[in-house]
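Visitor: The structure that follows is given in the form of structure tokens.
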Amino acid sequence: VLLRPEWATAYAKATHDPNPAYTDAKRAGGLLAPPMVTVRLVRDVLFKAVTDEELGADMLRLVHGEQDMEWLRPIRPWDLFSARAEVAAIEPK
């Protein structure tokens, strides 16, 4: 999945993030993307993981408790992403 520049700027504007690195394409070093915009890129693979029939999760009663993401470098528009997801645990509460 390619991270489109308009996704990055729209995310920054929607979250009222004033960092010019996310909206000013003329800045030195080029445009960066807010790290959490990657949620848009991984949503399909996450949904596929939690709806796996072998998992047996009741989607109507499932509450998302936490997730971890790791970025190894700054994220830039037009970066190519390959998403992976793993359900580490489901706990009754």
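Visitor: Between the helical axis of 38-50 and the dominant principal axis of the chain, each derived from Cα atoms, what acute angle in degrees is found, rounded to the nearest 10?
Guide: The angle comes out at about 10 degrees.
Visitor: Report, to the nearest 10°, how far helix 5-14 tilts away from the longest principal axis of the Cα atoms in the chain, using its own Cα long axis and a range of 0 to 90°.
Guide: Rounded to the nearest ten degrees, it is 80.
Visitor: Could you go through region 58-73 in sequence order and give the Karplus-derived ³J(HN,Hα) for each residue, using 6.51 cos²θ - 1.76 cosθ + 1.60 with θ = phi - 60°, rounded to whole Hz, and x for Gly and Pro?
Guide: 8, 4, 6, 10, 7, 10, 6, x, 6, 8, 10, 9, 10, 10, 8, 6
Visitor: Put 61, 84, 40 in order of accessible area, largest first, 1.4 Å probe: what do you get?
Guide: Numbers: 61 190, 84 210, 40 110 Å².
Accessible-area ranking of 61, 84, 40, largest first: 84, 61, 40.
Visitor: Could you check which residue among 12, 57, 21 shows the biggest mean-square fluctuation in a GNM of the chain with a 10 Å Cα cutoff?
Guide: Evaluated over the chain, the most mobile residue of the options is 57.
Visitor: Across the Cα atoms of the chain, what radius of gyration and what greatest pairwise Cα-Cα distance (Dmax) are found, in Å?
Guide: Answer for the chain, Rg first and Dmax second: 16.1, 50 Å.
Visitor: A further question follows. Which FRET efficiency value, to the nearest 0.05, do you get for residue 86 and residue 40 by plugging their Cβ-Cβ distance into 1/(1 + (r/R0)^6) with R0 = 25 Å?
Guide: Rounded to the nearest 0.05, the efficiency is 0.85.
Visitor: So, one more: Once you have the Cα-Cα distance between residue 4 and residue 71, take 0.36 nm times their residue separation minus that, and quote the gain in nm to one decimal.
Guide: 22.4 nm
Visitor: Quick one: ranking 58, 79 by accessible area, 1.4 Å probe, largest first, what do you get?
Guide: Reading off the accessible areas and sorting them downward yields 58, 79.
Visitor: Rounded to the nearest 10 Å², what accessible area does residue 39 have for a 1.4 Å probe in the complete protein model?
Guide: Here the accessible area works out near 60 Å².
Visitor: Probe 1.4 Å, all protein chains in place: accessible area of residue 51 in Å², nearest 10?
Guide: Spelled out: residue 51, probe radius 1.4 Å, area about 60 Å².
The values are calculated or read from the model by the stated rules, or taken from the named source; none is laboratory data. Note that this is a predicted model, so its numbers are computed, not measured. Every residue, glycine among them, receives a Cβ derived from its backbone with ideal geometry; neighbour counts consider all protein chains shown. The accessibility values were calculated without ligands, DNA or RNA, using every heavy atom of the protein model including side chains. Shrake-Rupley method; radii C 1.70, N 1.55, O 1.52, S 1.80 Å.
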